[in-house]
Amino acid sequence: MNQEQVLKLFRDSGALLEGHFRLSSGLHSGGYLQCALVLQHPASAEQLGRALAEQLGGLGANVVLSPALGGLIIGHEVGRALGVRAIFAERQDNVLMLRRGFTLGPTDRVVVIEDVVTTGGSTRETMIVARASGATVVGAGSVIDRSGGNADLGVPFSSLVTLKLPTYQPDDCPMCKAGQPVVKPGSRA
């Protein structure tokens with residue numbers, strides 16, 4: 001899949017949103033990509049997961065680890081395409097951790113999969129979870145890289161789409177200054 005084909009899936013499902021949004025990073029933006037609206041369609045989720053797995057297949061991962069909630073569906077589809085186990089980390093008392101009996105160990109080669117990367121904070125936090133379990137993080141991937149290619153994750157990183165959507169600190173946000181209400185559409189409070 002090329003970038004335009006992926007963006008067409010987003011347009012067709014109404015997942016390219018315009019307005020005033022507070023991102024999981026705390027930054028504000030006039031654009032938001034609601035991956036859940038694309039990933040709700042199993043055929044689209046499978047297609048995106050397969051395309052991302054093709055980019056990451058040479059890393060030798062034997063586990064896909066995703067942060068819940070946003071990375072869960074695409075992580076599962078990448079795991080399916082790679083033929084490896086797909087697990088997720090989730091928050092408990094605001095700390096990201098493995099739960100539900102999921103484990104990682106020294107023989108695990110992990111690729112971290114997200115739906116959208118903006119600053120890379122959630123991806124790096126998920127990498128810490130993997131490394132704390134003794135696993136080796138061999139790479140990361142996302143459907144959308146909205147950092148414009150500037151997110152430094154310290155491992156090989158692939159995305160299906162790279163965009164540079166402007167983001168603002170809340171104190172410098174022109175939409176806030178104009179009195180436009182802010183919406184928090186993602187899964188993290």
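General remarks:
- Among the residues of the range 116-140, those that are aliphatic (A, V, I, L, M) and under 28 Å from residue 10 (Cα atoms) comprise 116, 117, 127, 140.
- Summed over the range 127-142, residues that are touching a Leu at 6+ places or on another chain (Cβ under 7 Å) and either of a type in the set (Asp, Glu) or closer than 20 Å to residue 161 by Cβ (or both) total 3.
- Residue-level check: of (1) outside any loop (DSSP other than H, G, I, E, B); (2) touching a strand residue (DSSP E or B) at 6+ places or on another chain (Cβ under 6 Å), residue 176 misses just (2).
Yes or no, residue by residue, for (1) β-branched (Val, Ile, Thr); (2) closer than 13 Å to residue 156 by Cα:
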| residue | (1), (2) |
| --- | --- |
| 95 | yes, no |
| 104 | no, no |
| 108 | no, no |
| 113 | yes, yes |
| 122 | no, no |
| 128 | yes, no |
| 137 | yes, yes |
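- Among the numbered conditions (1) touching a Ser or Thr at 6+ places or on another chain (Cβ under 6 Å); (2) open to solvent by 10 Å² or more (accessible area, probe 1.4 Å), the only one that residue 38 does not meet is (2).
- The residues of the range 97-118 that are among the polar types (S, T, N, Q) and open to solvent by 60 Å² or more (accessible area, probe 1.4 Å), listed by number, are 103, 107.
- Selection within the range 98-143 - of a type in the set (Val, Ile, Thr), modelled with pLDDT of 95 or more and in a strand (DSSP E or B): 110, 111, 112, 113, 136, 137, 138, 143
The values are calculated or read from the model by the stated rules, or taken from the named source; none is laboratory data. This structure is a prediction, so every number in the text was calculated from the model and none was measured. Note: ideal-geometry Cβ built from the backbone for every residue, glycine included; neighbour counts use all protein chains shown. With ligands, DNA and RNA removed, areas are computed over all heavy atoms of the protein, side chains included. Shrake-Rupley method; radii C 1.70, N 1.55, O 1.52, S 1.80 Å.
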